[in-house]
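Here the structure comes first, spelled out in structure tokens, and everything after it is commentary.
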Amino acid sequence: MLRRFPLLLVFCTFLAACGPVWNDPYPASEQGRNIMYSAFTDRPKHLDPVQSYSEDEATFLYQIYEPPLQYHYLKRPYTLVPGSAAAMPVVRRYDEGGRELPVSAPASQVAMSVYEIRIRPGILYQPHPALARRADGTLRYAALSAADLEDVRVLADFAETGTRELEAGDFVHQIKRLAHPRLHSPIFELIAEYLPGLKTLQKALAAEAARTSGALDLERHTVPGIEIVDRHTYRITLKGAYPQFLYWLSMPFFAPVPPEADRFFGQPGMAERNLTLDWWPIGTGPYMLSENNPNARMVLARNPNFRGEGFPCEGEPGDREAGLLADCGKTMPFIDKVVFTREREGIPYWNKFLQGYYDASGVSSDNFDQAVTMTSQGEVSLSDDMRDQGIQLLTSVSPSIFYLGFNMLDSVVGGGPDAEAQARARKLRQAISVALDMDEFVSIFLNGRGVTAMHPIPPGIFGAREGEAGINPVVYEWRDGHAVRRSKDVARRLLAEAGYPDGRDARTGEPLILNLDTTPGGLGDKARSDWLAKQFRELGVQFVVRATDYNRFQDKIREGNAQLFFFGWNADYPDPENMLFLLHGAQAKVKESGQNAANYVNAEYDRLFEKMKSMPDGAERQAVIDRMVAILQQDAPWIFGFHPKAYSLQHGWVLNRKTGSMVRNTLKYQRIDIERRDAARGQWNRPIVWPLMLLAALAAAAIAPAFVHYRRRERATALGGGR
Amino acid sequence: MFAYVLRRLLYALPILIGVNLVTFALFFVVNSPDDMARMQLGVKRVTPEAIERWKVERGYDRPLFFNAAAQGSGQVTETIFFQKSLRMFTFDFGRADDGRDIAQEMRDRMGPSLALALPTFILGLFTSVTFALILVFFRASYLDFWGVVLCVAMMSISSLFYIIGGQWLVSKLWALVPISGYAPGLDAARFLVLPVAISVIAGVGSNARWYRTIFLEEISRDYVRTARAKGLSERVVLFRHVLKNAMIPILTGVVVVIPLLFMGSLLVESFFGIPGLGSYTIDAINAQDFAVVRAMVFIGSVLYIVGLILTDISYTLVDPRVRLE
Amino acid sequence: MGFLPVLLWTDVLFFLLLAIGAATIVHVRREAPLRAAWRRVGSRPSGMASAVILLAFLAVGIIDSFHFRPQLPVANGAAENAPAAYSSEVLSALDVLLAPLRTRVEKTYSAPFATELYARETVELPGGGQARIYPRLAWGGSHLGEATGERDADVARRIATGVAGAMEAWLAVVAILVVILARRRRRGSGMLEAARALWRGETHLAWRAALVTFACVLVVTILAIKLAPHYHVFGTDKVGQDVFYLSLKSVRTALIIGTLTTLVMLPFAVALGIMAGYLGGWVDDVIQYVYTVLNAIPGVLLIAAAVLMMQVVIDTHPQWFSTAAERADARLLALCLILGITSWTGLCRLLRGETLKLRELEYVQAARAFGVGTSAILRRHVLPNVMHIVLIALVMDFSGLVLAEAVLSYVGIGVDPTTISFGTMINMARAELAREPMVWWSLMAAFAFMFVLVLSANLFADVVRDAFDPRRS
């Protein structure tokens, strides 16, 4: 024990040397600098813009790559504005005979649509070794030998960097990369439907890839339908009409990638060092990835070559009052550097936020769920302590839905071929929809951070209706200006009409057993499955939750072996087509291996869907959507679960933040009041030293009697009395 | 001795093949190549063609153990087992599902793991031995009794509670150290103080009790009685004779775990955000990235075997009567 | 109302284990050396005290192992001779005993002994308008009505009567014990002397420690009986379930993991261990090879792989299980098996070493010389002489396994998420610590129950080892 004393002293002095705050997890050199601190939970898998499709990768990727279009930061409903494009693309549509069609022409006449995109001149790439050139204009790092790469471990080990102007060819190069057989772009099949040239390109490239293990040269190939008009203009020709294509142009799938980057990273020896475009993005955006250690931290630094962009001056009503227009016209980005630290466990993450070491919660993080409570009325309730700390909470409904789907191929809930059985199965589905109180689910398990869904279209997206017109008449009724869930009696009645009075099969007396398939993280945990079982106990229905691991779950869905399943969908873009296609017959999971996991097929719905798909927003489209929604509500192939609310929890010193899941390139807009942050951190993190003192005192107190004892024993031994 | 070590290493070969077979069998039952592809390609918009392409590219389209379609030795080598498992013997682990080179990743992560595990090991050994010595010194007194009770109480607490409680108390309530994180170099000390302290405290109960019994066994031997009879004081007997002799079983007992220190600690690393091999393993289990798990299993078994050999060698070093042949 | 008994696999094995335990007791009573060893266990205060606590836990576990499916009420208009339908929910005898705790579910979190929910909610006032208040609990302290201010007095009164009742019961037990002890004393020195010996702790078996512990157990039990039906003594969890109920249900899972794991691996470890030691040669080589291979694989990874594999098997054969409880039970048993596979190697090696020594002893060599068959020698001469190692391993492993379950469930490769266990409780509670204000009671309840269980198991294991290990006596 005595020996531990000096150690304790060393410990104390060592800590005291760190300044007034002992628990600052960042290096002292970063103190007082214009750095934003954030965290990520899951390591990003792909940073290659043709591959990345997940929310946590978007946090990085959207700051680095600049697609032609972007969403307006403040306006709602979401509005597309030019990004790296100089203006919104010009769309021309042609019929079979090659005649240009007027804007009012119906989509069925359109044989092809031509998008012409002009990009802003003068945009520069971030400094990057792939673009470094010698004095004679040849690429500096083009033909590297094994010896050249000897000492290289990270990208920064290449001493020279270079840049060049963004050209239309870079966009075209990236579109070709969608077809790259080794990159597995998740949207390839979808885009290739409209750009058949990509399919031929992929075949050619795949043949080439089978012959050689080296890098594939995309520049040797041309793709019909994609052409470079001039240095700053390119043109895409799509088969048929696809108005939603503009939304895709706001995603990194269509961001520019210089062919030099592929040439650079394609050299032998690069991939072995983890030097790939998948890990080292190269973009024209406001930030560039300066440190890439997905195990511990990722750092985005200001791109010195960024063109500079003015902060928007218009927003939706209320933005001015919220101070969101204060920086109108100022040059973005505001923050020099953003440090993302890997935080695997929720408790440290949350506590560091409370201590002021994270400026705001991550966008897609679930770790703060426990902290943020909302009441059923949707009002925010942060605890008083948190409000005193100046923590603010912003929320908005995400364009996504979580639902419980009925597998229509199942004989019990789907009904089978017999029309009368189908009608009964519909009643059963309606009964279950009424019985499962999603409002209570949202209030218990999501702390109120969600809106119960009436139909598949999330609020804020065209087609979703508010108020009385927007309710699901099967499950809700409108009373005193509120949507009120129908009572369990209604469910009981429907259940009896479906042939299951009191939850028993009217013919056999067997109890009705419903099986819900889900993953342990979905509804599978103890609390949720207990809650679900409780919902049905009153009706006499036996509700069994089967939690299986993700792959097994997918298997069941794919083979159509599930009965009820819990699923979610995140909209790719704010258009009802992207939600309603989930129930389109042509997307049926089992038959067409599409996205319609419920295997729901309804001829009228499918016909309306085809019509609605390419209609422009307006009263006519709304009418079609209303009819489609009504069909779904009556047929109840899903229990429309809830639309989760996105939230952002932030300290008072973070400015210009606005939630909105569609807008992902948010970093450039944000600003930090550094002085306020430093003051708050100092105030909240005063070390409490008395426990250390107490520990020392306790050690002394323990040692004293021991010492006495020791002396006595020593003496006794000396006298020969020891044992 | 060289011949002995060589023979042991050769003996290790069938063991490693066995380990490989077991893990291979287990993991391929769990995860068919189709599953792996789906896991990697994400949730949205995955087509069967994309899965096929992924399998071909990663070499998972081959048969498991025997390739009837291939020629000659290709029947054995052109299989998933040969390509994915046996290549590990050359320490060629291939790529993780996210495309990063596994061997490189392991090299990167070994540092943080060791930075946590080594101080924990040394300090833990030191603390436990000291505590055990104190208990033995005061044996059969109330100090000994309550000391043992304390040990048993401490080992009855789940390590989860030590971590959650320690983090909450020291980092949150008292704001003495950062809650989690890691920095390379000397700065790491700030982040490591708490996890090391917690790991040491969590381990001291069972270790000290074990060492105490070893000391007690040693103290009942004849030479100790002789030493006492010579009139040596209790302190001298304990520190000069008993400690020295009891360290032999203690040291040879812990030698086997030294190589395994490289593997890091699963729980502590995840809780404290230390980017070591332990958290790598947890990530791989959660993501079902079996290329990484297989590599970790392989490294783990190699280290275990190295530990066994080291144990044998350490016996000869401390006890001249043991000879390796 | 009728019921359909359900015998889960773990129940069968657990009862088998109890039967083995009972048989052992009968056996021990006949064998003098064994009886002496067990008396050594009983003479240690810590042994008796921990045995009492373990028995209390065991009682909870046993009650919780009688499973059944309650009959559903007869449907309206169903035919007279329709077969009875049974619920798909599997309950246990403990669920029946704790019915008030199980069914009295609140909406969400409430603190221990609370009468209101933990978080404020906006409610519609009867006269119109809204207010943010702490809503009254549906069940917690419901007998108080609106007079929630009297809760402290009510609790205190219940505690006082509870403690008094416990003491009465305890005194009765003491009296009975004194009578028995007095009878036992052959010298016939009377009740007073027996009582004095008991008081001074001079009885051969450490009855004083046992009685003191028993008093504690009794007080806790009676307080639980007095308080738990009226209050949530450990609060409620996220979906409003009583945490005390969850803690009690976790006990069975812990006991199953702690005991069955050793039980299922025992036949292999014993058979292979003594075969390797006695037969030597290639048998020894093969067995050593197998356990070195298993040992070389890092434990957590092997468990992770095996648990995931079992999960696949269970998921692909839904027809094997008629209820969710059976599926969860299969997973629990699988976990026991897997933990057994990863932990049998230690015992196997110990047994091999011990058998190596035994085969050189004179009486074994003599038996061999007389031409006694190998299997007979193993059964008659070797096995009985290594049983103490088996026993020590059994008790020593118990606490480690209980702790391991918590960690594995935490990592996500433990018991089924719907099984109530300490691991799943901690797993859920870890996120609650981050809540503002903090929800601490689930974690504390899991901690307290686990600590008491593991501590007494550890103490008991120590005493058993001291009593049976020939090197220590």
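The values are calculated or read from the model by the stated rules, or taken from the named source; none is laboratory data. Computed from a prediction, not measured in an experiment: that's the story for all the values here. With ideal geometry, Cβ positions are generated from the backbone for all residues, glycine too; neighbour counts draw on all protein chains shown. Just the protein is used for accessible areas: all its heavy atoms, side chains included, with ligands, DNA and RNA removed. Shrake-Rupley method; radii C 1.70, N 1.55, O 1.52, S 1.80 Å.
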Quiz item: Given the conditions (1) open to solvent by less than 60 Å² (accessible area, probe 1.4 Å); (2) within 14 Å of chain B (Cβ to nearest Cβ); (3) of a type in the set (A, V, I, L, M), which single one is not true for A:ALA646?
Solution: (2)
Quiz item: Only one residue in C:LEU255, C:LEU272, C:LEU246 is assigned to a helix (DSSP H, G or I), modelled with pLDDT of 90 or more, among the aliphatic types (A, V, I, L, M) and over 24 Å from C:VAL407 (Cβ atoms), so which one is that?
Solution: C:LEU272
Quiz item: Quick check: is even one residue across the range A:451-474 of a type outside the set (Lys, Arg), touching a strand residue (DSSP E or B) at 6+ places or on another chain (Cβ under 6 Å) and within 14 Å of another protein chain (Cβ to nearest Cβ)?
Solution: no
Quiz item: If you go through the range B:175-185 one residue at a time, how many are part of a loop (DSSP other than H, G, I, E, B) and more than 8 Å from chain A (Cβ to nearest Cβ)?
Solution: 1
Practice problem: Test each condition in (1) in contact with a helix residue (DSSP H, G or I) (Cβ under 7 Å, 6 or more places away or on another chain); (2) crowded, with 19+ Cβ neighbours inside 10 Å; (3) within 10 Å of chain A (Cβ to nearest Cβ) for B:ARG190 and report the one that comes out false. | Solution: (1)
Exercise. Within the range A:290-343, track down each residue that is part of a strand (DSSP E or B), open to solvent by less than 10 Å² (accessible area, probe 1.4 Å) and closer than 18 Å to B:PRO184 by Cβ.
Key: A:MET298, A:VAL299, A:VAL339, A:PHE340
Quiz item: Can you tell which of B:LEU261, B:LEU238, B:LEU232 is under 24 Å from C:ASN295 (Cβ atoms) and out of contact with any His (no Cβ under 6 Å at 6 or more places or on another chain)?
Solution: B:LEU261
Practice problem: Just give me the residues in the range C:352-374 being open to solvent by 80 Å² or more (accessible area, probe 1.4 Å) and either of a type in the set (Ser, Thr, Tyr) or assigned to a loop (DSSP other than H, G, I, E, B) (or both), in sequence order. | Solution: C:GLU360, C:TYR363, C:PHE370
Exercise. Could you please tell me which pairs satisfy a Cβ distance under 6 Å, a separation of 6+ or placement on different chains, a first residue in the range C:393-406 that is of a type in the set (S, T, N, Q), and a second residue that is surrounded by 23 or more Cβ atoms within 10 Å (Cβ to Cβ)?
Key: C:SER399/C:VAL454; C:SER399/C:ALA457; C:SER399/C:ASN458
Quiz item: Within the range C:407-422, can you find the residues that are under 13 Å from C:VAL251 (Cβ atoms) and of a type outside the set (Ser, Thr, Tyr)?
Solution: C:ILE420, C:PHE422
Quiz item: Would you call A:GLU160 farther than 30 Å from A:GLU316 by Cβ, touching a Pro at 6+ places or on another chain (Cβ under 8 Å) and either outside any helix (DSSP H, G or I) or open to solvent by 20 Å² or more (accessible area, probe 1.4 Å) (or both)?
Solution: yes
Self-check item: the range C:234-255, residues that are more than 9 Å from the chain's Cα centre (by Cα), crowded, with 23+ Cβ neighbours inside 10 Å and of a type in the set (Val, Ile, Thr)
Solution: C:THR236, C:VAL243
Quiz prompt | the range C:256-272 - residue that is over 22 Å from the mean Cα position of the chain (by Cα) and touching a residue at least 24 places away in the same chain (Cβ under 8 Å) and, of those, surrounded by the fewest Cβ atoms within 10 Å (Cβ to Cβ) | solution = C:PHE268
Quiz item: Can you find even one residue in the range C:129-141 that is loosely packed, with under 12 Cβ neighbours inside 10 Å, over 25 Å from A:PHE441 (Cβ atoms) and either in contact (Cβ under 8 Å) with a residue 12 or more places away in the chain or more than 28 Å from the chain's Cα centre (by Cα) (or both)?
Solution: yes
Quiz prompt | Of the criteria (1) assigned to a helix (DSSP H, G or I); (2) open to solvent by 30 Å² or more (accessible area, probe 1.4 Å), which one C:PRO229 fails | solution = (1)
Quiz item: Within the range A:218-237, how many residues are in contact (Cβ under 8 Å) with a residue 24 or more places away in the chain and exposed (fewer than 14 other Cβ atoms within 10 Å of the Cβ)?
Solution: 5
Practice problem: Kindly list the number of the only condition in (1) at the interface with another protein chain (Cβ under 10 Å from one of its Cβ atoms); (2) more than 30 Å from B:ALA175 (Cβ to Cβ); (3) of a type in the set (A, V, I, L, M) that fails for B:ILE274. | Solution: (2)
Exercise. Check the range B:30-38 and report whether any residue there is crowded, with 17+ Cβ neighbours inside 10 Å, more than 14 Å from chain C (Cβ to nearest Cβ) and not in a helix (DSSP H, G or I).
Key: no
Quiz item: If you go through the range A:103-118 one residue at a time, do you hit one that is under 17 Å from A:PRO259 (Cβ atoms) and open to solvent by 60 Å² or more (accessible area, probe 1.4 Å)?
Solution: no
Quiz item: When the residues of the range B:148-174 are filtered to those that are more than 17 Å from B:LEU267 (Cβ to Cβ) and within 7 Å of chain C (Cβ to nearest Cβ), which remaining residue is most open to solvent (accessible area, probe 1.4 Å)?
Solution: B:ALA153
Quiz item: So, of the residues in the range B:220-235 that are more than 16 Å from B:ARG139 (Cα to Cα) and of a type outside the set (Lys, Arg), which turns out to be most open to solvent (accessible area, probe 1.4 Å)?
Solution: B:ASP222
Quiz item: For the range A:119-134, how many residues are at negative phi and either surrounded by fewer than 16 Cβ atoms within 10 Å (Cβ to Cβ) or of a type in the set (Lys, Arg) (or both)?
Solution: 4
Practice problem: Tell me, yes or no, whether the range B:213-227 has at least one residue that is free of Cβ contacts under 8 Å to residues at least 60 places away in the same chain, more than 30 Å from B:PHE298 (Cβ to Cβ) and outside any helix (DSSP H, G or I). | Solution: yes
Quiz item: Out of the range A:194-205, which residues are open to solvent by 40 Å² or more (accessible area, probe 1.4 Å) and either at pLDDT below 90 or part of a loop (DSSP other than H, G, I, E, B) (or both)?
Solution: A:PRO196
Exercise. Provide a single number: the residues in the range A:184-205 that are under 18 Å from B:VAL56 (Cα atoms) and hydrophobic (A, V, I, L, M, F, W, C).
Key: 3
